[in-house]
Amino acid sequence: MATILILHVSLHIKKMRDKKYSYRLESKDSYPIIEVKDIDWRKPEYICKYYSISERNVCAAISRKIFVSSPDLLNDLFDTLFLKIAVDKSHINIYRELMTYVDLEIDEEKFNNSQQYRESLRNTLCAIWTSKTGILCTTDDAVNDLMWTHYTNNEGFLIQFNYNLFPENFGDPIPISYLTNEEFLEYMYSDVYFQLYVNSLLKKQAWKYENEYRFLVHPRVYKTFLTTGRFSNEDHCGYPKESRLQSYPKECVQKIILGFNFFKPIMTTNLNIDFSKSTGLLRKNLIDYALNENIKLEVLSLDYKNMIFVPRSFELEKISGLEFEVKYES
């Protein structure tokens with residue numbers, strides 16, 4: 001039988017961020033540090049990650065691993081777009097330094113006379129950066145209606161993290177700046193290396209509802225991540241590559257929240273559920289993991305009066321076999 005957990009109801013509704021941030025590169029060491037320049041910037045209290053219900057996502061949660069995406073494989077096609085990195089003749093000193101840094105040389109005559117050659121160098125630089133960078137997209141909004149719908153179909157789950165306990169190579173959360181198409185032009189830097197990072201922190205205003213914070217994660221075991229997509233290094237067999245599925249300590253997990261329809265596919269009556277139904281064992285494994293690790297566990301309910309989601313505690317009372325009754329705290 002599950003332990004009854006105390007219900008904490010909060011009617012606080014987060015406002016969508018409309019601030020545009022300034023960034024600076026603090027370090028170019030093995031774990032480059034990007035900081036927000038604004039003096040009124042405050043780090044979030046915690047961060048959250050939304051998940052659909054799938055074997056891959058449940059297994060990752062149970063094994064305490066989190067996937068850091070390749071910058072060229074994000075769901076927004078304008079996100080971290082390498083084509084936004086400008087390259088012209090005046091950048092020759094920048095590219096000369098950057099190529100030397102990765103043990104490559106440039107043909108200066110071609111650089112001065114061929115836009116195609118300059119763009120090929122730009123693409124090479126982006127490919128190298130992509131292999132050394134993983135993007136973890138998070139938010140500090142655990143009850144976002146659109147996020148629950150878009151990323152979990154209201155059947156999935158959310159993990160709330162104490163990110164201060166993440167491994168060193170995760171760095172700190174960085175707020176996304178949401179911009180109009182014209183405002184993107186304001187974020188052009190002469191430091192091409194820095195521009196690569198800044199490009200990963202800018203999104204169109206259509207995504208503003210996500211209130212996103214990003215972690216720019218770097219490999220900690222090998223020099224590069226395994227990368228697929230446009231800049232794939234899968235066929236480069238001469239060196240080892242690190243998995244983008246990164247481990248974190250169990251102390252990072254503060255809470256797991258289940259979606260409003262988490263139990264719906266396995267319900268037999270209004271309150272009874274049968275974990276033997278399709279996807280039932282996945283759902284049970286996630287719940288068992290939370291209970292065994294003493295992780296706070298809640299499920300969303302609907303507050304129709306205030307038109308908001310409210311996390312509630314619950315317990316499962318065994319009926320027989322894999323059949324249980326869900327008892328929500330009133």
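The values are calculated or read from the model by the stated rules, or taken from the named source; none is laboratory data. Predicted model only: the values in this text are computed from it and were never measured. Note: ideal-geometry Cβ built from the backbone for every residue, glycine included; neighbour counts use all protein chains shown. The area values use the complete protein model at the heavy-atom level, side chains included, leaving out ligands, DNA and RNA. Shrake-Rupley method; radii C 1.70, N 1.55, O 1.52, S 1.80 Å.
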Those residues of region 151-169 which are more than 18 Å from residue 302 (Cβ to Cβ) and of a type outside the set (Ser, Thr, Tyr) amount to 159, 160, 161, 162, 164, 165, 166, 167, 168, 169
Note on region 26-47: residues of a type in the set (A, V, I, L, M) and more than 21 Å from the chain's Cα centre (by Cα) are 39
The residue from 73, 83, 136 that alone is in contact (Cβ under 8 Å) with a residue 12 or more places away in the chain and either out of contact with any Ser or Thr (no Cβ under 8 Å at 6 or more places or on another chain) or surrounded by fewer than 19 Cβ atoms within 10 Å (Cβ to Cβ) (or both) is 73
Fill in: Condition check for residue 239: more than 24 Å from the chain's Cα centre (by Cα), in a loop (DSSP other than H, G, I, E, B) and either closer than 30 Å to residue 72 by Cβ or modelled with pLDDT under 95 (or both)
yes
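Please tell me if residue 112 is in a helix (DSSP H, G or I) and free of Cβ contacts under 8 Å to residues at least 24 places away in the same chain. Please lay out each step first, then the result.
Working: in a helix (DSSP H, G or I): yes; free of Cβ contacts under 8 Å to residues at least 24 places away in the same chain: yes.
So residue 112 fits the description; yes.
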Picking from 122, 118, 96, 64, the residue that is farther than 17 Å from residue 216 by Cα, at pLDDT 85 or above, out of contact with any helix residue (DSSP H, G or I) (no Cβ under 7 Å at 6 or more places or on another chain) and among the basic types (Lys, Arg) would be 122
The residue that is surrounded by the most Cβ atoms within 10 Å (Cβ to Cβ), considering only those in region 177-215 that are in a loop (DSSP other than H, G, I, E, B) and free of Cβ contacts under 8 Å to residues at least 40 places away in the same chain, is 187
Checked 297, 286, 258 against criteria (within 30 Å of residue 135 (Cβ to Cβ) and in contact with a Gly (Cβ under 9 Å, 6 or more places away or on another chain)); the one match is 258
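Say whether the condition of being open to solvent by 30 Å² or more (accessible area, probe 1.4 Å), in contact with a Cys (Cβ under 6 Å, 6 or more places away or on another chain) and either β-branched (Val, Ile, Thr) or modelled with pLDDT of 95 or more (or both) is met by at least one residue in region 160-175.
Within region 160-175, one or more residues are open to solvent by 30 Å² or more (accessible area, probe 1.4 Å), in contact with a Cys (Cβ under 6 Å, 6 or more places away or on another chain) and either β-branched (Val, Ile, Thr) or modelled with pLDDT of 95 or more (or both).
Can you tell me how many residues in region 295-312 are in a loop (DSSP other than H, G, I, E, B) and either in contact with a Lys or Arg (Cβ under 7 Å, 6 or more places away or on another chain) or modelled with pLDDT of 95 or more (or both)?
So the count comes out to 1.
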All conditions in (1) open to solvent by 10 Å² or more (accessible area, probe 1.4 Å); (2) under 17 Å from residue 170 (Cα atoms) are true of residue 236 except (2)
Selection from region 163-188 of residues touching an Asp or Glu at 6+ places or on another chain (Cβ under 7 Å) and over 19 Å from residue 80 (Cα atoms) yields 165
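Please find, within region 36-64, the residue that is nearest to residue 173 (Cα to Cα) out of those that are among the charged types (D, E, K, R) and open to solvent by 70 Å² or more (accessible area, probe 1.4 Å).
Filtering first and then ranking leaves 43.
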Of those in region 244-291 that are part of a loop (DSSP other than H, G, I, E, B), touching a strand residue (DSSP E or B) at 6+ places or on another chain (Cβ under 8 Å) and of a type outside the set (S, T, N, Q), the residue surrounded by the fewest Cβ atoms within 10 Å (Cβ to Cβ) is 271
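Matching residues to (1) surrounded by fewer than 20 Cβ atoms within 10 Å (Cβ to Cβ); (2) part of a helix (DSSP H, G or I); (3) more than 29 Å from the chain's Cα centre (by Cα):
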position: 97; (1), (2), (3): yes, yes, yes
position: 104; (1), (2), (3): yes, no, yes
position: 116; (1), (2), (3): yes, yes, yes
position: 148; (1), (2), (3): no, yes, no
